[in-house]
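J.: The structure's right below; bear with me while I get my questions together.
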Amino acid sequence: MGAATVSPGKQLWAIKAWRYAFPAAVVSRLGDFVFDVTVMLWIVTDLARGESWAPGAASGVLIAAALPVLLVGPIAGVYADRVDRQRLLIRSNTVQAVAIGSLLLIPLLGDRTSRAVDLAWIFAAIVVTNGAGQFFNQARNTMIASTIPDELRTSAYSRQGSANSLIAIAGPPLAAPLYFAVGAEAALAVNALSFLVSSFLLSRFEWDSAPARAAAEQTFWASLRHGARAVAGNRLMAAVTFALTVVTFATGMINVLEVFFVTDVLHRRAELVGVLLMFFAIGTLCGTLTAPRLERRLGAPVIFASSFVLVGVGILAYSRTTSFPVAVAIFFLLAMPLGAANTVFMPMVMRSVPSELLGRTTVVLTVFPKVASLTSMAVTGWLVSTVMKDIDIDVAGTHLGPVDTVFVVSGLLMVATGVMVWRPLSASSPDSSDSTPAPQTEPDTAAGPGATAALQAAEEVVARRRTRTAS
């Protein structure tokens, strides 16, 4: 069998780091999803049940989850480039397990603590968990860049994204019944245990996780300035950051009003939003699965930029429909290019950023979009409730109210963003076939001759590509 016939999946599973890191990520993500559903149900149906301040308590969960991205994210990006990343992964998971596990004391203490103390405890645990998650995410990006060859990274992100989509599809029907059947304790224990399992799996393999000497010797502020200069001087990073920030602002507008679109524009029951989200997750899964093949044909920059144009057009069409089945079909279709873009963008970024700067540079991909998302949700809610509440326009036979007007603006923003970043991305992104693969761990001969042969086959493919490029 020729080297070129070895599938990306077999090549990935031949890498020891992937065999442990992939299930670790799946277990951790499943635990997170169960926890996210559980903590919201716990607050709404128990701790704040029947209270006028219940919506505020539910909002507190979202704020507690968002704050670490803004406050801890930049710090995590710097330290991920300055310390041993494998230790950082394991320690971050341990901190998360302890923070979530501490919440098991709330049911045990019962009435000995007030509701205010219980809520403050939950919010603090969420802040600590998400703060540790910032360190984990930055270290994990470096692990992927160090252990997965460039030509396999999109396939790796495709498989990880597919697993996340399946969890998003199957999670709600499982998490809510689990809470009502056995209470919050079981879900909290599942999430805490998932972090411990992840730590165990991530400790089962070794990789070159030590930081570059120059980065380790820099002071914190010097390291932060170095990363800022690297981002400012990188056209691809500037284009990607701009695109993600604007698109996140646009999607934030939709997220705030999705329920109102279903009730006020489609004139259907609010609970049918769940059907829309389920088909959106299925569409995302389809886009994620097709991303590696599309990247080989079109290239990551084209997929990334064109996806925003396609999604924007889809939202414009969605804003004009009054049929729920048509809305479901459009939601499914517009999720596909979004899933493909989510899969290819991080491998594309890794090709343009030196590995020793990965933490400091990629942190902007979370901080700026998070600011945009929070701003968008706050501004949109205020505008629709005040300035735009009386909008009732008929233009060329098309009626526009406050909610669908916001959707039209969101779609136009996405289309404009895709058009604006298309050329900068295409001009600044290196071809994946020309990039040098990141260092990887030694073949795991204990896994059998098939694993070693697959890795050797992958190396032969890379060598042939280099030869063709050089000629």
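J.: I'm trying to understand the selection: among the residues of the range 361-393, which are at pLDDT 85 or above and of a type in the set (K, R)?
T.: Residue satisfying the conditions is K370 alone.
J.: Then there is this: Out of everything in the range 78-90 that is modelled with pLDDT of 90 or more and in contact with a Leu (Cβ under 9 Å, 6 or more places away or on another chain), what residue ends up being farthest from A132 (Cα to Cα)?
T.: Per the criteria, the residue is Q86.
J.: Only one residue in F260, F249 is surrounded by 21 or more Cβ atoms within 10 Å (Cβ to Cβ) and either assigned by TED's automatic domain parsing to the domain that holds T343 or closer than 17 Å to T405 by Cβ (or both), so which one is that?
T.: F249
J.: For the range 262-299, name all the residues that are under 25 Å from T343 (Cβ atoms) and in a loop (DSSP other than H, G, I, E, B).
T.: G299
J.: Just checking, which of V39, V27, V69 is over 28 Å from A372 (Cβ atoms) and modelled with pLDDT of 80 or more?
T.: Numbers: V39 fails: over 28 Å from A372 (Cβ atoms); V69 fails: over 28 Å from A372 (Cβ atoms).
That would be V27, the only listed residue that is over 28 Å from A372 (Cβ atoms) and modelled with pLDDT of 80 or more.
J.: Would you mention how many residues in the range 217-242 are touching a residue at least 60 places away in the same chain (Cβ under 8 Å) and in a loop (DSSP other than H, G, I, E, B)?
T.: 2
J.: Then there's this: Among (1) touching a Leu at 6+ places or on another chain (Cβ under 9 Å); (2) among the β-branched types (V, I, T); (3) closer than 26 Å to G161 by Cβ, which single condition is V262 missing?
T.: Just one mismatch for V262, condition (3).
J.: Then there is this: Taking only pairs six or more apart or across chains, which ones have beta-carbon atoms under 8 Å, a first residue in the range 350-377 that is in a helix (DSSP H, G or I), and a second residue that is of a type in the set (K, R)?
T.: M350/R153
J.: When you check A210 against the structure, is it outside any helix (DSSP H, G or I) and at negative phi, yes or no? Walk me through it before giving the result.
T.: Values: outside any helix (DSSP H, G or I): yes; at negative phi: yes.
Yes; evaluated as a whole, the condition is true for this residue.
J.: Turning to a different aspect of this structure: Condition first: touching a residue at least 24 places away in the same chain (Cβ under 8 Å) and of a type in the set (D, E, K, R). Can you find one or more residues in the range 95-114 that meet it?
T.: no
The values are calculated or read from the model by the stated rules, or taken from the named source; none is laboratory data. All values reported here derive from a predicted model rather than from experimental measurement. Every residue, glycine among them, receives a Cβ derived from its backbone with ideal geometry; neighbour counts consider all protein chains shown.
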